[in-house]
Amino acid sequence: MVARFIIILIISFPAVLWGQEGDPLWLDDNYRDTNYSASVWYTGFAMDKLQGSEKLIEALQRVEDASRNKLVEQIQINIKSTSVVNNQSTSITDGKKRSERIMIDYNQEIQTSTSASAVGVKVESHYDSNKKMLYAFAYVERNRLAEYYINQEKFIFNNIKENIVSIDNLATTGQKIKAHEQCCAIKQELQKAKEYRALITAIIGNSSAYPDQYNTLSMEIERRLTELSQGTKVFIQCIWMCPKYPQYEHIAQEVTDRIGAIISENDCSTVPTLKEADYIIDLILSTAQRSDGSDKFGVISYYANVTGKITNTHTKKRVTGISLIQDARMYSAGKNESQAIAKAFNSQSFIKVMKETLLPGLTK
């Protein structure tokens, strides 16, 4: 897998040295090699002539940028040549309980984006007025750079721990859809920690495995994703309550089935008993005539009326009230009463309104 890293650039104020005050020691190649060894530092050195009418401050900026770019190239070359992570899973079985431990091997090459730069880079500049030559030297300690990413990694670990507590709270109050979404999000965040570890490994030249925290959090996230995979459990109760048209009570079961299909497509599942449910959808169905079909086309139309509520079984609170009486979106026409009423409770408009009305309530 190709990982991409954007590394934040923090620039210190350059020290500008002038030729007549003496040349800085870092101009000498041997000095830089001796005092800024590649095993401890990332460095970049650049030089160029002052161009014609070019302003000195702009010329210095140009050469300083060139030195930073060369430093970045060194980081990129180092990272590209360093082996990083490859996930390998081994299963540990304890009776009926099974867990997965992620073992980390550094055997996959990493590539970075060309926008990579360095954190905490320092730049020194020098202008030789006699030769009209500009010099710049950029440098940053590997350990300081690695420390930044170690802290970023720790920040992610702490943030994930806090989110796991939040996920568990959501799950215990029946808000499993939100819990599942949040769990997927922190799984992606943990992936970012993996990228930081790859950078740390390349920078300090240490191919040790990931911290135990990574393995522990990875297992905890996967366990919760498995537990939440069935989604929110819903018990649906539909009652036909229409004294004028009692003969259409079969519509209640048909609506129950349609709502079951709607929620099953959205990380929910229906259950046969109240005891198993995270939420209860209670609906009362009825109908009312919209037009009498007395015009020349002989078409009659009826409303699909729905009232009721959604209750969270964990908190015992009503989270959504439903009142769709003679709603302009929920009616259909037919050649006779039976056809019109059946179509009203089976129309795409009815299904759309039910979806928009019910699904938000199943996350509260």
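Assorted remarks:
- When region 347-364 is filtered for residues that are farther than 24 Å from residue 171 by Cβ and touching a helix residue (DSSP H, G or I) at 6+ places or on another chain (Cβ under 7 Å), the ones remaining, listed by number, are 350, 351, 354.
- For residue 182, the conditions (1) within 28 Å of residue 265 (Cα to Cα); (2) surrounded by fewer than 18 Cβ atoms within 10 Å (Cβ to Cβ); (3) within 18 Å of the chain's Cα centre (by Cα) are fulfilled apart from (2).
- Extreme residue, modelled with the lowest pLDDT, among residues of region 308-331 that are surrounded by 17 or more Cβ atoms within 10 Å (Cβ to Cβ) and within 16 Å of residue 356 (Cα to Cα): 319
- One residue stands out among those in region 128-165 that are free of Cβ contacts under 8 Å to residues at least 60 places away in the same chain, surrounded by 14 or more Cβ atoms within 10 Å (Cβ to Cβ) and more than 24 Å from residue 204 (Cβ to Cβ): the one that is nearest to the chain's Cα centre (by Cα), which is 163.
- The single condition from (1) assigned by TED's automatic domain parsing to the domain that holds residue 169; (2) buried (at least 18 other Cβ atoms within 10 Å of the Cβ) that residue 212 fails is (2).
- Residue list for region 269-301, restricted to those being at pLDDT 85 or above and either aromatic (Phe, Trp, Tyr) or in contact with a Leu (Cβ under 6 Å, 6 or more places away or on another chain) (or both): 279
- Breaking point among (1) outside any loop (DSSP other than H, G, I, E, B); (2) more than 19 Å from residue 363 (Cβ to Cβ), for residue 293: (1)
- Here residue 72 meets each of (1) surrounded by fewer than 16 Cβ atoms within 10 Å (Cβ to Cβ); (2) touching a Ser or Thr at 6+ places or on another chain (Cβ under 6 Å) with one exception, condition (1).
- Qualifying residue in region 270-287 (condition: over 21 Å from residue 252 (Cβ atoms) and either in a strand (DSSP E or B) or of a type in the set (Gly, Ala, Ser) (or both)): no
- Pick from region 5-39, criterion within 43 Å of the chain's Cα centre (by Cα) and surrounded by fewer than 12 Cβ atoms within 10 Å (Cβ to Cβ), ranking: modelled with the highest pLDDT: 37
- Only a single item in (1) farther than 23 Å from residue 261 by Cα; (2) buried (at least 16 other Cβ atoms within 10 Å of the Cβ) is not met by residue 305, and it is number (1).
The values are calculated or read from the model by the stated rules, or taken from the named source; none is laboratory data. Since the model is a prediction, treat every value here as computed from it, not as a measurement. In this analysis, Cβ positions are derived from the backbone assuming ideal geometry, glycine residues included, and neighbour counts consider all displayed protein chains.
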